Structures are given as C-alpha cells and as structure tokens.
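The values are calculated or read from the model by the stated rules, or taken from the named source; none is laboratory data. Because the structure is a prediction, the values reported are computed rather than measured. In this analysis, Cβ positions are derived from the backbone assuming ideal geometry, glycine residues included, and neighbour counts consider all displayed protein chains.
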Amino acid sequence: MTSLDSLGGTDTTNLTRRGFRVLGIGIGRQKAMFSLAVLFSVLFGLTTVADAWVLGWATDHVIRPSFADGDVATGALVAGTLLFITAALLRMISVVGRRLIGGIVYYRLVAGDRRNVTRKYLRLPVAWHQSHPTGQLLSNANADVEATWMVFNPLPMAIGVIAMLIGAVATMLAADVVLTLVGLVVFPLLFVLNVVYQRSQGPRMAQAQSLRGDVSSVAHESFDGALVVKSLGREEEETARFATASEQLRDANISVGRVRAVFEPLLEALPSIGVLLVVLLGIGRIESGATAPGDVVQIAYLFTIVAMPVRAIGWVLGELPRTVVGWDRVRGVLDDTTQMPYGPAGLDGTGPIGLRLESLGFSYEPDEPVLEDLDLEVAPGSVTAVVGSTGSGKSTLATLVTRLLDADEGRVLLDGRPAAEIDHDALAAAVSLVPQATFLFDDTVRSNITLDADIPDETVWEVLRTVQADRFVQALPEGLDTELGERGTSLSGGQRQRLSLARALVRNPRLLVLDDATSALDPAVEQRILRALAERSQGEDGPTVLVVAYRKATIALADQVVHLADGRIADTGTHAELRERSSAYRDLVDAYDQARQEVDHE
Amino acid sequence: MSELPIKESREGSLRIIRRGLSLSPQIIEGWRVTVLLTLLGTAGTSLVPVVVQRSVDNGLGTTDGGVASDRIVMIVAAAGLLLLISAVAAYFAKIRIFTGTERGLTQLRVLAFRHVHDLSMLTQNTQRRGSLVSRVTSDIDQISLFLQSTGMILVLSAGQMLIATAVMAFLSWQLTLVVLAVFVPLVISLKVFAERMSVAYDHVRQTVAELLTTIAEPVVGAAVVRSYAIERRTQQRIDDAIATNYRANVNAQKIVAITFASAILVGGVANAAALGIGVWLGVVGGMSMGTVIAFIFLITLFVGPAQMATQVITDAQNAVASWRRVIELLETPADVVDPGPGSTPLPDGDLGARFTAVRFAYPEGPTVLDDLDVTIEPRQRVAVVGETGSGKTTFAKLLTRLMDPVEGTVQLGRDTAWADVSQVSFDDLRRHVVMVPQEGFLFDSTLAENLRYGRREATDAELEAAIGDLGLVDWFAGLPRGLATRVGQRGESLSAGERQLVALVRSALADPAFLVLDEATSAVDPQTELRATRALERLLDGRTSVTIAHRLSTAENADRILVFDAGRLVEDGHHSDLVDAGGVYSRLHASWVAQASLGVRPETMVR
C-alpha cells in the first residue's frame, strides 16, 4: 500500500519496464496456453472489425440497391444476413476461447506461485518464520500472488485490441484516408485517457483498501474486547472510534467515485464525438464522390464497437504497478536464502535419550544474548523442570533443544550426537515438542493426533486417556472423526492443549519437551497428566522429559530443576536443594504462598 | 438463499431492499433528480444511432448529390451539444450515487456496530464474533460494491435500453418487435445461467476458505510442522486445496465465458434480422434507409447490457443476501436494555446486592441457575466457588447485568435504598459496578489509552497515581516507554500477567463501589503473580467484591464463600465453617490443597 503510494509519483517508466518484465515471465511460464488465448483474442479483434465491414458492405450492396430499386436484392441480402451471423459466431467463439483460456492462464499462474511460496515456507527455518509477521506471510501466498498475476486477465484482450486497432485502421484506410485521420486522433486519445484514468485511480483504490483493513481491525478488536467495553460502559466511545474509521473509508470511497464520475462519461462520449466528426467530414467526402456512404457508415460503426475493448489496454497499464509490487513481495519470499540444513545421521537405539548442552548461547538481536553459556546434563528417562521468570529464555531453550532454532554458540547433543548432524525424520521421530501456543489443523481429531501416520485407534484412545481427553472426545458428535476448526467443532483452550499433548505422546518420543504446554489446564488435571507421564518415564521406554513450568506441583515432580535467570543457569539441583540454597529461587517458586502469607498478616 | 422458491425469495428481497433503504435514506435521497440525471446521462449513447439515421435519410446514404449538408451539420451540432449535456449529467448522476450510497452505508455500518455491542451474544458466544465482524465489514462492502458497480451498471443499462427501445419504437414499431423477439430467448436463459453461476461461485468461495486455512498451516503452525517433520503431508494438503480451488475457478470461468459470449451471437442474429426484415419493410412499407442502419447501431446498446446481465443478477443476489444479514442483525432485539428516563438512581457510597428468587435459563436451554436467594452486605468480600457449569459465572453476569434473570430480581443498594438493576441506567450501573474479566483484554494502543478505558478524562498524573496506589511502581518503572508504551494487538507486547495488572489499574481508575472479578486460571510468571495479588488486595480494600475463585487463597481469605453446584447455591459461610463440613467445598478445598502442596500422592487427589 505505502509502496503503491510512493510508486505513483516516482519513476513510472522504470515501473512500466519492470511490469513488462513480469509479464514476460508469466508468458514464459504459460507459453502454449497464453499463445492460444492471444490467438482467440486476435480473432476477436479481427471479427469485431469484420462486423463493421459487414455493415458497410451491406449498406452498399444490400440496403442502398434495394431502396434505390424498390426491390429486395435477395442474393445480396442472404449473403448479408449470413455474414452478420458468421461474424457473430466467430466473435462468440473467440470470446469464449479468450475468456476461458485467458482465465486458465491466470489461475495456473496463481496456483503455480502459491505452490512455490508454500513450498518455500515449508523449507524456511522456524527462525525465519518467527521474524516475519503471520499476516504478511499469509498475504504473500494469497493476495500478493493474485495481485502479481491479475494483469493476465485483461492482457490477452489488450493484445487482441492492438490487432483490432491495426485492423480497424487498415479497413479505414481502405475506405477513406481523410476519415481515417479521425480514428488516428480518437483512438490514441481514448488510449491516453484510459491510462490516465487507471493511474489516478490506482493510489485511491489502494488507500480505500487499506482503510477497509482499518475498519475491520477496529471491529475485530472492539468485539473481542466486548466484555471490557461493556463492563466499563465504553460503547459510545467504541462506536465513535468505529465511526471515525468508517468515515475515513467512506471519504476514500467517494474520492474513488469522483475519479470514476469524471472519466467514465468522458470515455463514453469520446467515441460518439468520433462518430459525429466522421459524419461531418463524411458529407464532403460523399459530395465530392471520394467515398461511398457504406464506408462512412462502416467507420462510424467501428467507433461504436471499438470503444469498449480499447479500455483493456488501460486496464493492463493500470494494473502494472500492482503487478510489480506483488511480484516484489512474492520474490522476497522465494529468493530468501535462509536455511537450516539437517545432517545425514540417524539416531540409533531405543528408549529415552540423554540430552547434553555444551556452552550453549543464542541471541535474536546481535549483542542482546537471550541465552548464554548453558551447560546441562539430562539423564535418559529423567524429568527436568526449567524454571525462570518471563524473558529468562525458557522457550528459546525449548526450541534449541528440539532444533527448531540453531544455537549461535555451543551445541546440543542427543545421546552424544550433535543435533545438527541428525537427519530431519530421525530427529522428528525421536524428539517431540509441545509448544506454548497450541496449533490444531482444520481436520479430524484423529488426524490432528496421528498427523496421518499409521497409528491404530486403540493407541490413540490410550493416549487420550493419558492426557484426560478421552471423555470429551467421546462426547464429540463424531468421536475421533469430528472435524475441528473453522467449519467444525471448536474446543476450549484446555481441550486443545490436551490434543496437542496427545499428538506428541502418541509418537512415543524418546525426548519430550513441554514448553508451558499445560497452562490452560485446570491444575488438578495438569497434575494427573504429568504424573501419568512421569510414571511412563520411570518405565523402560518412557521419554526423557524437559518441562518449562510455573506451578510448584509440577516442579516438584521433576528429578532435576534448572533455574534460569537472565539467560544463564543460575542453579541446578532438586527442588528441595534449590529452595534451600537460593532465595531468588524461593521467591520465584513460592510467589503464591508468599502472597497468601502477606494477606494473612494484614 | 438459492434454495428458496423464486417467488418467495423475490418478495423477501423486495422487503429487504425496502427496509435497507429506510435504514440508509441517504441512498435514495433526491432520487428523482438522480434518476433524471441518469436518464440524461445515458441518453448520449442513443444519440449516435439517431444522428446516423438522420444523416443517411438527409442524403448521406446516396451518391447522387442530394446531400442536405446544412441540415446534417445542424443535426451534428445539436447532437454534439446534447452529448456534452449528457456527459455532464452523467458526471453529476455518478457523484450523487457514490456520495449517497457511501453516506447511507456508512450510517448503516455504524448503526450495526453499535447494535452488536448491545447483543449479549457478543459476550456469551465467542464463536460468533467472527461472523459479527463480517456483518459490519464485508457484508456492507458487498452492498456498496453492488450499488456502485453492477447496480449502477444495472441502472445505466436499464436507462440505456429504455431509451434505445423508445428510439426504436419511434423509428419503427415492427422492427422493434423483431429485435425484442430475438433477445427474448436470451433473457429467459439468463435465469438458468444466473443460477448456475451462483452455484459455481458458491463453490469457489468454499474452496477459497479451505485454501486460506491450509495455506495458514505452514505459517501459523510452523513449529508443529517442523518438529513433527510433516512437510510432505502439509504440502499435499496445500496442493490439493490449490487444485480444488483451481478447478472451481475454471469451472466458474466456463459459465462466465459462455454467458458473456452468447449475447454476441444473439446480437449477430438481431443484426441479420434487422437487415433482412428492415430491407423488406423498406421496399414494401416505406421504411427509410437511415432507420435500417440506425437499428444496427441501436442493437449494440442491447448487447453490452445482455453480456453483463448474468453478472448483475449474481451480484444482486449476493448483495441482497448481505443486506438481509445486516438487517436481521439490526432486527435482533437487544436482550438487556437501558431503562432510559425514569431509571432508579443508585445510592452513592457503599453498595450491597440482593438476589430474590432468581432463576436463569438460556433461551430454549436448560435452567442454569435456580431458586437463588442471597444478600451480599456492603464491603463484604465474597468468593464464589464451584465446578465448571455450576452456575457461578451466571451469578456474576446477573450481578453486573450482562444478562437479566428469567424470574426473580437482582437488586443493588444498602439499608433501605435498593434498586432493581434492570431499572438502573447503564451509566449509573457502570459507575458503581465493574467487572474485571479473566483475561485482561487490551486494545492496540498505548498503556495510557488502555488505562483510560477505566476513566476517560484521567490525566497522566492520575494514571500514575493509580499505578502507585496499587503498588505497581516498580513494574511501571521497568516499562521502556512508561505510559506511552504500546501494548500491541490484544496487548500481546505485554505478558499475560502484565495484562492482568493493566486490567486492575483500569478498574481502580473506574473506582466502583462494587467489583466483580473472574479470577484467571492460566498460570503466569510467579513474580507478576505476586504483584497482581498485592495489587488486587489494595483494589478490593474498602469495596464490596464478588470473586469467582479458582484459587485456594482467594477462598480462604474471603469474608464469605458461596458454593454453587448444579445451578444452586448449596453452601454459604466462612472458610472455617465450610472446610470440614464434608460438603462440596470440603472436596474442592482438598483438591486445591493437593495440587498446591508438595509431594502429594495420587490417591489423595480428589476427582
């Protein structure tokens, strides 16, 4: 949007050149289909000119002789009617061909780039995703891809129009050189007017589009915060806020309308003015015998039927700025070279994995380390809790351990093997992360848990029992086959977290990382789940567990507690040991109790 | 919409349009002038055929020298002038249409927005919020798009065809009948085309929705996709969605292409018929040469509108459907209404609450709260406990009048001055009673603006004073930009705990006599938790409060505990009275103790 604004004034020739280059790329991708669409479009242009020629011919060979002789020129009349119908038939075929094939070209280009962009999303590392706003990425794959190729809707038509104009000028020249001059003035004028129209409309439309987004954000926000609005009686202020945004949109829309109101009547009147000029000049030409009445009628008719298609050229040129902006955004994703390659090694053996961190360091921004110099040993089959206040680096640690991010310094070792050397499938099979923010697919309960892996229903139910989700899943209308999401059932935060946990557990991971993955659960439910997990870990093939935790009861389940403070390990030990020797740890963990005691003493 | 029998839906549509126009009178304000200008504006298109006819019949059609040049020049000059007038009229007509529709629809948009805030479904049913947003955004946009684009084309085309028909009828009624007869089959088939197009577009819309959801998977779920190595599965789902969407689009395009093109064929047949029959009529019936040629020009005025007709019908159906949705929303009565003039004032100072024989049920739903009689004294600190679905949240909502009871009364007041909450004006009620929701929802603005939701005219100094009063100075000092700190969308730049702090300060600024709190269940970072607990303590000091408690400490420290179970108040008393009574509270308490203390064994956990 802002880029469109800035495009308005600056280097338009360069912009047009770049736009044409994108057109070239699109044409290159759909050579055969595009050529076919253009072929149909050229046929359309020529048959349109032919239509006018038929009228001119009919005037001179059917209408005039018949009226002059007072007798129907039957042979010519039949020919005339057949010519009209044939021209129309050809025109119809050409329009079907142009619109259908042209549409196919556009939809193929869009589908192709959607595939390219989403494939790239799947290859780009999580760190890259974290540094790009979600809304922007979604719009890159949707609106931007469409904006890039939208120009291919009018493009074949515009090329056909060029053929049509050449044909029109040629037939006009054949009919009368002087009258052709009118065409040579009116057609370019029509063309220029169209381009000016599209160019002045572009930034205004973009402005309106952006304001439409603002109106939508205000509505979303205000309705999401309805409880606050209502309980503090802020309805009127909220309405005023929404009215302001709506009025800005209204004014922008009216401004778009004003431009339309100026140009559309002009564009409509121009060809009619052409006809009037043709008639005016035609008098003299016919009087001097230089031209036949049929030629004048033909040229006048040409102006009438050519006017509308000529707009296609304006549409193409008007669309080019959007094409360039869309293309730049799409290329921005496709050309990104960020990568995080996986290694070739497997992870041998079964049972819980041992985890070791060696002087691990990480930062999102240079010189602002999030984690520094972490050394940690987690024994196979043990439960380790990571404790720390907000911003101490707990979530970052969880993502480093599961290798969604790579450390800047030091390394993560899984069973003694550097995580960076392990191949993607082996890593995913051995290590499961349950992230803080639950993500469910718009799919069935079963697919959300199995992710389409071949896992029998009994196993799924068993895991659902472990995470205390069996009862609510049974109560769902279709059980495991219930569709979740937008068009299906929606679940509470706690239910979603339980399915997310089930997804991890059903894979029998050898290392399980829970990043505050039970925060929306009732504390009692959380306890039962974690206890069941801990019991599994005691067994032969339970996972090693690393859990980011707040609640004391959870921490108490751990064999080992890691206290993170300001990106460093402040202390490691059992809960009792840390409590004993660290007041900072005590403050952190005993916050609830402390608050309670204070209240009691008042 | 498409399932409705045509007749019924047409009548329904007329009602919707009438109602819609009465809600946005600006759209048709001065419509007589607009229609006149529009007709004038479209008249320009019929000028050319007339000029051609007059010119040809004044000698342009012959080569034998009988050209009445002066008359033709006059005709052309007159036409030029009319063309100019017509263009100017078209300009004004369009300006009027754009301005009128935009003003009218903006008013409708704001009206609908305001009404949504009065509907309890907004606070009760979070799943419907998305659709409520579309009522005030995309639905209105759809109507606006129709009125200004295809609707305008409809009006212009109608005007154009009306004038063209009039000109035709004036020139020759016989040929007029011929041309109309040729277009009749097309008009009849339009209905079929429009229905098929509407089905095809519906399908496209469905596939777009699926496409957007699947494309969101690798973006929103990036961590999940990567950590479970399901890139191939995800790509397959996306590719399938892209392919389905592609097929739906191409299928719709087929119908569009065929309908668009069929008008051209009909135009060609009309040309042929006009030529054949026109020439014959000329020879036997004295029709002029100019008339025959003029008809061929006039036919072009029918082809354009016929090409667009299917699109116009489809858009019109969509627009009416949108309009219907907005109107239905506006016609949904607000379930909780302000008593208006004649409301009962609440006494200033301390407030208590009194429930008398209260029952509540959702429309057509089971009773969720029944037979409730309870009085809360001024300055009492009450904790409400119970399982999910026990009725404790309903209790809080009735107290703050987010809902009205089905039976019985809820009153606020003290001593002898009591007022039925349904008779208290919203302004008065909200000055005295404030609810603090579980999640501290923040608006995408600065901290100061968010705090001012509590008291709109508060100065920066007052805001800082309120922060100080709640003992949050150290937290506030740690914020990089103080009151000017931007909180981000939904307050996401702050942690969940910090958002709760903001909600508390906000409530403190509102300075109500009566506070209703829904305690947060989700765990927050302990330091912030500690701050929040202290701040809350200060906030509650000197006020009446009802807290939906999820924590042991809250219940233990309350003056009084109300225990709800299956829609009834089952226990009422102090912690010390209830804890060993062996009732619902004893069980809840045991479960709290179990999860809060250390080293608990599974068998002591309470189900």
Taking the range A:215-238 and keeping only residues that are farther than 16 Å from B:Leu105 by Cβ and β-branched (Val, Ile, Thr), one is left with A:Val218, A:Val228, A:Val229
For the range B:372-479, list the strands (runs of 3 or more DSSP E) that sit wholly inside it and hold at least 2 residues that are within 27 Å of A:Phe242 (Cβ to Cβ); which are they?
B:433-436
Whichever residue in the range A:251-299 is of a type in the set (Asp, Glu) and surrounded by fewer than 18 Cβ atoms within 10 Å (Cβ to Cβ) and, among such residues, is farthest from A:Pro203 (Cα to Cα)
A:Glu287
Restricting the range A:223-250 to residues that are closer than 26 Å to A:Arg204 by Cα and more than 8 Å from every other protein chain (Cβ to nearest Cβ), which is surrounded by the fewest Cβ atoms within 10 Å (Cβ to Cβ)?
A:Ala240
Just checking, which of B:Leu451, B:Leu412 is at pLDDT 90 or above, surrounded by 22 or more Cβ atoms within 10 Å (Cβ to Cβ), more than 9 Å from every other protein chain (Cβ to nearest Cβ) and under 23 Å from B:Asp348 (Cβ atoms)?
B:Leu412
Pick out the one residue from B:Val421, B:Val434, B:Val410, B:Val473 that is of a type in the set (A, V, I, L, M, F, W, C), in contact with a strand residue (DSSP E or B) (Cβ under 8 Å, 6 or more places away or on another chain) and closer than 21 Å to B:Leu536 by Cβ.
B:Val434
With respect to B:Leu540, is the statement that it is more than 36 Å from the chain's Cα centre (by Cα) and free of Cβ contacts under 8 Å to residues at least 24 places away in the same chain true?
no
Being touching a residue at least 12 places away in the same chain (Cβ under 8 Å), assigned to a helix (DSSP H, G or I) and of a type in the set (A, V, I, L, M, F, W, C): is that true of B:Phe170 here?
no
Which ranges mark the strands (runs of 3 or more DSSP E) fully within the range A:489-565 that have 3 or more residues being under 25 Å from A:Thr390 (Cβ atoms), within 10 Å of chain B (Cβ to nearest Cβ) and at pLDDT 90 or above?
none
For the subset of the range B:50-67 comprising residues that are crowded, with 24+ Cβ neighbours inside 10 Å and more than 13 Å from B:Leu82 (Cβ to Cβ), which member is modelled with the lowest pLDDT?
B:Gly61
Give the range B:483-497 a look and list any residue that's assigned to a helix (DSSP H, G or I) and at the interface with chain A (Cβ under 10 Å from one of its Cβ atoms), or say none.
B:Gln489, B:Arg490, B:Gly491, B:Ala496, B:Gly497
Lone unmet requirement of (1) at pLDDT 85 or above; (2) among the aromatic types (Phe, Trp, Tyr); (3) in the same structural domain as A:Ala430 (by TED's automatic domain parsing) for A:Tyr342
(3)
Look through the range B:253-301, keep the residues that are touching a Gly at 6+ places or on another chain (Cβ under 8 Å) and of a type in the set (Ser, Thr, Tyr), and return whichever of them is farthest from the other protein chains (Cβ to nearest Cβ).
B:Thr291
Residues that are at pLDDT below 85 and away from every other protein chain (no Cβ under 11 Å): list the helices (runs of 4 or more DSSP H) wholly contained in the range A:12-77 that include at least 1 such residues.
A:12-29
Out of A:Ala558, A:Ala576, sole residue that is among the small types (Gly, Ala, Ser), in contact with a helix residue (DSSP H, G or I) (Cβ under 8 Å, 6 or more places away or on another chain) and in the same structural domain as A:Gly388 (by TED's automatic domain parsing)
A:Ala558
Conditions (1) over 19 Å from A:Val49 (Cβ atoms); (2) surrounded by 17 or more Cβ atoms within 10 Å (Cβ to Cβ); (3) of a type in the set (S, T, N, Q) -> A:Ser217 fails only (2)
So is B:Thr393 among the hydroxyl-bearing types (Ser, Thr, Tyr), away from chain A (no Cβ under 11 Å) and over 24 Å from B:Ser553 (Cα atoms) or not?
no
Take A:Gly103 and decide whether it is at pLDDT 90 or above, closer than 30 Å to A:Arg331 by Cα and more than 7 Å from every other protein chain (Cβ to nearest Cβ).
no
In the range A:265-310, anything in a helix (DSSP H, G or I), within 19 Å of A:His61 (Cβ to Cβ) and without any contact (Cβ under 8 Å) to a residue 12 or more places away in the chain is listed as A:Ile286
Step by step: first the residues of the range B:16-39, then only those that are among the β-branched types (Val, Ile, Thr) and in contact with a Lys or Arg (Cβ under 9 Å, 6 or more places away or on another chain), then the one that is surrounded by the most Cβ atoms within 10 Å (Cβ to Cβ). Which residue is that?
B:Thr38
For the range A:123-137, enumerate the residues that are more than 18 Å from B:Leu212 (Cβ to Cβ) and surrounded by fewer than 13 Cβ atoms within 10 Å (Cβ to Cβ).
A:Ser131
What residue, among those in the range A:353-370 that are touching a strand residue (DSSP E or B) at 6+ places or on another chain (Cβ under 9 Å) and modelled with pLDDT under 90, is surrounded by the fewest Cβ atoms within 10 Å (Cβ to Cβ)?
A:Tyr364
